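Everything on this sheet refers to the single structure shown next.
Please treat every number below as a calculation from the coordinates, not as lab data. As the structure is a computational prediction, the values presented were derived from the model and not from experiment. All Cβ positions, glycine included, derive from the backbone under ideal geometry; neighbour counts span all protein chains shown.
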Amino acid sequence: MLVEGQSMEGFEKAFDDAVTKAPGSTVPRRYELRRVWVDQGGVVGRMYGCEVEVSGPDVPTDR
């Protein structure tokens, strides 16, 4: 399952945002960073983003 995170405060906060968007569970999960980017300009200034792959025995796959 791919989850996207965003933050204006940096990549660490964007990663944390993605992890918190993943469905909750008591089963152990793995979070792997797949892609990162920065959007800059306009009224937003700078926005950090990332895609995180969530895997575990109870996580549906995108494939």
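Overview of values
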quantity: Approximate spin-label separation Phe11-Asp39, in nm, with each point projected 7 Å along Cα-to-Cβ; calculated: 1.9
quantity: Principal semi-axes in Å for the chain [√(5λ), Cα gyration tensor, largest first]; calculated: 25, 11, 8
quantity: Student exercise, segment 2-55 dipole from Lys, Arg, Asp, Glu Cβ charges, in Debye to nearest 20; calculated: 100
quantity: Estimated distance in nm for a label pair at Ser25 and Glu51, the labels positioned 7 Å out from Cα along Cα-to-Cβ; calculated: 2.0
